[in-house]
Amino acid sequence: MNRYEKASAGAVALMLLAAGAIFFYAPTDALQGPVQRIFYLHVSSAIAAYGCFAVVLLGGAVYLRNESLAADRLARAGAVVGLVFTTVTLVMGMIWAKPIWGTFWTWDARLTSTLVLWIIYAGYLLVRRLAEPGRQAARFAAVVGIFGFIDVPVVHFSVTWWRTQHPGPIIVNDALPPEMLATFLFTMACTLALAAVMIAIRYRLETLADGPMTEVAKVVAAVNAREAEPVQ
Amino acid sequence: MNNTIAVALAVARKDLRAEWRTRELVPALAQFVVLALVIANFGFQIDSRNAPMIAPGVLWMALVFAGLVAFGRTFAAEREQASLEAMLMTPASPVAIFAGKALAATLLLVGCEAVLLPALTLFFGVPLSAPIIAAVLLATIGMAALGCLFAAIVARVRARELLLPLLTLPLWIPFIVAGGQAVQVAMGASGTYDQALALLIDFDILFVVLTSLAARFVLDE
Amino acid sequence: MSILVANGLTHWFGSEVALESIDLTIDTGEHMAVLGENGAGKTTLLRILATAARPTSGRLEIMGLDALRERKRLRRRIGFVAHAPGLYPALSAAENLEFFCILQGVSRSRVTEALALVGAGEVASRPAGQLSRGMQQRLAIARAILHDPKLLVLDEPDASLGSDGAEVLAAVMRDRTVVLATHDHALANRLCQRTLVLRHGRSVGTATRLHIVQ
């Protein structure tokens with residue numbers, strides 16, 4: 001097994017351990033019942049999603065500074081993995097919301113800013129795909145990433161403020177008994193480990209994808225060169 | 001520093017002069033917002049009781065769509081791209097050029113707002129007051145900076161009509177939340193106006209500074 | 001004295017090669033023509049030499065400065081006429097040039113001089129969008145010399161200039177180092193001392209007073 005396979009196996013094993021903790025160690029919530037267990041993975045996933053975006057921000061900022069291709073690749077990897085985690089967060093949030101609040105969706109600060117994060121990731125990846133590959137795509141994406149990263153907390157803050165003007169559904173109480181807190185922290189650590197492994201794998205994939213294209217291009221150029229004849 | 005301001009003003013003057021001579025954008029925007037108001041009336045069943053609650057929403061929606069068009073155009077045309085390159089070949093700083101174009105686009109949108117706000121008052125019977133105008137103008141500043149920055153990105157990319165709203169709207173949300181609240185309060189709803197206005201000013205400062213820093217990465221080759 | 005030294009200039013568009021390892025040296029005051037079929041890479045090369053674009057790889061030194069790092073400084077002394085004129089159609093010819101005087105930081109008196117040099121004096125107050133293609137081209141050339149650049153890069157400026165086009169170009173090119181892309185072999189021979197021929201992105205050689213037998 002190469003090191004990526006080992007890392008993946010390790011991450012999966014950790015997640016299985018976390019699942020065990022969630023289902024067998026953590027107590028059932030008195031108020032919400034068994035469905036509350038989604039919370040552990042949902043919040044961990046949300047933190048991982050925003051953490052991935054921090055990777056995107058970092059990669060983008062470093063790229064703008066010194067045009068490091070590795071930084072750009074890291075940003076790319078972070079964006080893809082981040083989009084996955086954001087999707088998971090949103091879906092789990094909706095599954096959790098329905099039995100608790102009676103509705104799949106509500107415009108509170110957290111859901112709104114997670115949705116905004118998802119849209120920004122999607123925009124980021126679209127810009128990468130549609131812009132001229134290379135410097136242009138990297139620079140534009142870096143700018144989008146930086147603005148997006150700053151926008152998410154600003155949106156969160158705006159909606160929170162707006163909610164003080166228009167009180168909405170009461171957000172679930174976050175005070176946690178120690179076993180729940182321990183389970184949550186453990187799950188969060190495992191999820192972050194999973195995210196890191198996924199980013200590393202994605203980074204490797206991006207490196208491989210960058211490489212052969214240059215090789216192909218060189219072969220094409222050589223063939224074209226052989227066809228050109230010198231002028232007398 | 002002197003030259004930066006001179007360049008920005010020259011760029012803005014050039015864009016405004018071109019628009020004045022062709023009179024393409026502002027009349028089209030004005031017609032668009034009036035039409036939006038007409039449709040809103042049918043879509044929402046607006047009467048004198050619910051008008052103060054619905055009018056702010058209609059105002060911001062019309063403004064957002066008009067803004068997307070106005071800012072999208074600042075960098076869009078092919079010709080624009082060739083001219084932009086000629087401008088970048090000069091010693092003029094990209095930030096100055098960007099500021100000039102954003103300023104011109106802002107003023108054009110303000111021209112559209114000069115039609116939108118009175119029309120809103122006329123059609124929905126909501127009062128037009130200084131607080132409303134102030135809120136709209138403040139929001140326009142920040143929205144313009146962001147809209148123009150992403151328009152500059154999107155201009156060189158395929159599928160730009162799809163991409164501009166996708167990139168810009170998430171960043172406009174804070175402005176719409178704060179601005180919407182300010183306008184609602186000014187039209188009689190509960191809540192604080194001052195806090196909303198302060199938020200708008202904070203957002204303006206934050207995003208104008210950020211876009212100025214980002215402009216040179218987006219404009220230059 | 002070499003004003004421009006290029007080593008191994010290479011440019012890719014995605015996976016397509018546009019320029020392959022171009023080496024070039026141009027002396028101060030020299031007029032160099034770049035010939036080649038459409039798609040040979042002339043425009044790409046000229047944009048790189050004018051610092052309007054960065055090559056994917058290679059070195060470029062202009063006036064002793066690294067062209068990839070010192071673009072801002074170099075652009076003060078480089079004039080570029082791109083393929084598309086990029087003028088503002090609603091503004092008059094003079095207004096177009098005055099605008100660029102402000103950007104260049106030069107006095108507005110240059111406008112009348114430049115217009116006279118390219119033979120566009122009579123159309124100074126006409127909207128640029130109403131001018132003929134040839135007149136617009138002259139305007140673009142005038143714009144490129146407002147700041148009196150030492151190096152002038154012209155991408156097919158002769159395309160629609162008209163009968164006295166060669167004279168206009170000669171007047172504009174006097175006392176400057178010039179790189180001129182064109183299809184017109186006769187013009188290249190008349191105006192330029194050396195010619196570089198491009199084919200499929202590669203240099204096929206440079207020659208003096210080239211006579212193409214094709």
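Every number here is computed from the coordinates shown, using simple stated rules; none is lab data. Keep in mind that what you see is a predicted model, and the values were worked out from it rather than measured. When we count neighbours, we look across all protein chains shown, and the Cβ atoms used for this are built from the backbone with ideal geometry, even at glycine.
In table form, for the structure just shown:
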{"read-out": "Unmet requirement for C:VAL81, which otherwise passes all of (1) more than 14 Å from chain B (Cβ to nearest Cβ); (2) touching an Asp or Glu at 6+ places or on another chain (Cβ under 8 Å)", "value": "(1)"}
{"read-out": "Residue check, B:LEU171 buried (at least 21 other Cβ atoms within 10 Å of the Cβ), in contact with an Asp or Glu (Cβ under 8 Å, 6 or more places away or on another chain) and more than 10 Å from chain A (Cβ to nearest Cβ)", "value": "no"}
{"read-out": "Hey, C:ALA40 of a type in the set (Gly, Ala, Ser), within 14 Å of chain A (Cβ to nearest Cβ) and either more than 24 Å from C:ALA171 (Cα to Cα) or assigned to a loop (DSSP other than H, G, I, E, B) (or both) or not", "value": "yes"}
{"read-out": "Flag if A:ARG163 is in a helix (DSSP H, G or I), facing another protein chain (nearest Cβ under 9 Å) and of a type outside the set (S, T, N, Q)", "value": "no"}
{"read-out": "Residue in the stretch C:53-61 that is at the interface with chain B (Cβ under 7 Å from one of its Cβ atoms) and closer than 18 Å to C:SER2 by Cα present", "value": "no"}
{"read-out": "Matching residues in the stretch B:86-107 - criterion: being within 14 Å of chain C (Cβ to nearest Cβ), in contact (Cβ under 8 Å) with a residue 12 or more places away in the chain and assigned to a helix (DSSP H, G or I)", "value": "B:MET87, B:LEU88, B:PRO94, B:VAL95, B:ALA96, B:ILE97, B:PHE98, B:ALA99, B:GLY100, B:LYS101, B:ALA104"}
{"read-out": "Selected residue [facing chain B (nearest Cβ under 9 Å) and surrounded by fewer than 22 Cβ atoms within 10 Å (Cβ to Cβ)] from A:VAL152, A:VAL127", "value": "A:VAL152"}
{"read-out": "Qualifying positions in the stretch C:124-163 - more than 25 Å from B:GLU19 (Cα to Cα), among the polar types (S, T, N, Q) and in contact with a helix residue (DSSP H, G or I) (Cβ under 8 Å, 6 or more places away or on another chain)", "value": "C:SER160"}
{"read-out": "Single residue of the stretch B:108-129 satisfying the filter (among the aliphatic types (A, V, I, L, M) and outside any helix (DSSP H, G or I)) that is farthest from the chain's Cα centre (by Cα)", "value": "B:VAL126"}
{"read-out": "Subset of the stretch B:152-162 that is within 17 Å of A:ILE120 (Cβ to Cβ) and buried (at least 24 other Cβ atoms within 10 Å of the Cβ) - its residue that is nearest to the other protein chains (Cβ to nearest Cβ)", "value": "B:ILE153"}
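Matching residues to (1) more than 9 Å from chain C (Cβ to nearest Cβ); (2) in a helix (DSSP H, G or I); (3) surrounded by fewer than 18 Cβ atoms within 10 Å (Cβ to Cβ):
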position: B:ASN3; (1), (2), (3): no, yes, yes
position: B:ALA8; (1), (2), (3): yes, yes, no
position: B:ARG17; (1), (2), (3): no, yes, yes
position: B:GLN31; (1), (2), (3): yes, yes, yes
position: B:ALA36; (1), (2), (3): yes, yes, no
position: B:ASN41; (1), (2), (3): yes, yes, yes
position: B:ILE46; (1), (2), (3): yes, no, no
